[in-house]
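The values are calculated or read from the model by the stated rules, or taken from the named source; none is laboratory data. Please read these numbers as outputs of a predicted model, since none were measured by experiment. All Cβ positions, glycine included, derive from the backbone under ideal geometry; neighbour counts span all protein chains shown. Areas reflect the complete protein model, heavy atoms only, side chains present, ligands, DNA and RNA absent. Shrake-Rupley method; radii C 1.70, N 1.55, O 1.52, S 1.80 Å.
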Amino acid sequence: MRGVRVARASVARVSRQRLSPGLSIRSANRKSALFSSESRIILRAKTTDARGRTRLIPVCPNQFCLISISLQYSLIQSNNMAFTLQIGDPAPDFLLPATDGLEYSLRSFKDASILVVFFTCNHCPYVINSDDVTRSTVDRFAARGVKFVGINSNSEITYRTDDFDHMVERMREHQFPWVYVRDQSQQVAVEYGALRTPHFYVFGEDRHLVYTGRAIENPRAPTPDMANDLERVLEEVLDGQAVTVPITNPVGCNIKWEGQLAHWMPPDACDLV
């Protein structure tokens, strides 16, 4: 018997063709089956009653986050259930408000030779202590058409200072050279499979993923001689070379998920390597 997990993205992406014969799934909307309290999910399993009749019964109706039960069939094979975007995946689109008063989507960066999407926040010491490293990388590659967008998906209930007002204040104080947007619904974090702050995703000119993971190995205590994996990748892509190491583990605080304890992470949100 294996645990059954609801897919990380919107319910609309879980087609009936991908379900095993023993399961069906129903939802009232397209929001995340993993985290949204507005989604009404009923997972059903085949069972046989005392008279030998086959019935579909609801299993853990209206349960969110993870539905973990013992069933004869799995919802989707584990290798199709990776929490984080896989190398070669297209960048999920978004439309999010930024600290400059504008809204941004992928199209806002259509002229970028490379787009770096990174999940960040206001309070995390791994973010704060490596801000200057990130700033240096942005400045170094700006002339070569590389654009950066930082996304704050953290729950402001867990950390009040991660709210939008503090984002605006932080950008006003530090004048960071990237776009800083708010993903209050956390849907974008789910779509990307964000693990930590910071967590970097590098997309090539065709906006397919070429790298995911860290910038440096110890963002909480960076040193001048520390290897920079993000800059290595940017150099390789811009020079038309294959990315030598496309996946590393992001290092930082975990994403603060709405309605969960501060250090909670989805069970399938594991290290990448």
- Residue in region 221-229 that is among the charged types (D, E, K, R) and in contact with a Lys or Arg (Cβ under 7 Å, 6 or more places away or on another chain) present: yes
- Query: Between a first residue in region 100-127 that is within 11 Å of TYR180 (Cβ to Cβ) and touching a residue at least 40 places away in the same chain (Cβ under 8 Å) and a second residue that is open to solvent by 20 Å² or more (accessible area, probe 1.4 Å) and hydrophobic (A, V, I, L, M, F, W, C), which pairs have beta carbons less than 7 Å apart while being 6 or more apart in sequence or on different chains?
  - Reply: TYR104/VAL179
- Can you tell me how many residues in region 227-254 are more than 16 Å from GLY204 (Cβ to Cβ) and exposed (fewer than 15 other Cβ atoms within 10 Å of the Cβ)? 1
- Query: Given the residues ILE114, ILE128, which is the only one that is within 22 Å of the chain's Cα centre (by Cα) and over 27 Å from PRO90 (Cα atoms)?
  - Reply: ILE128
- Query: Quick one: would you say ALA194 is over 13 Å from the mean Cα position of the chain (by Cα), within 18 Å of ASP271 (Cβ to Cβ) and surrounded by 15 or more Cβ atoms within 10 Å (Cβ to Cβ)?
  - Reply: no
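Would a scan of region 70-85 turn up a residue that is modelled with pLDDT of 95 or more, within 19 Å of VAL190 (Cβ to Cβ) and in contact with a strand residue (DSSP E or B) (Cβ under 9 Å, 6 or more places away or on another chain)?
yes
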- Message: Return the pair list, or none, for Cβ contacts closer than 6 Å from residues in region 142-168 that are under 15 Å from THR99 (Cβ atoms) and open to solvent by less than 70 Å² (accessible area, probe 1.4 Å) to residues that are basic (Lys, Arg) and outside any loop (DSSP other than H, G, I, E, B), at least 6 apart or on different chains.
- Response: ASN152/ARG182; PHE164/ARG182
- Inside region 206-216, the number of residues satisfying the requirement of being exposed (fewer than 15 other Cβ atoms within 10 Å of the Cβ) and either over 16 Å from the mean Cα position of the chain (by Cα) or among the basic types (Lys, Arg) (or both) is 1
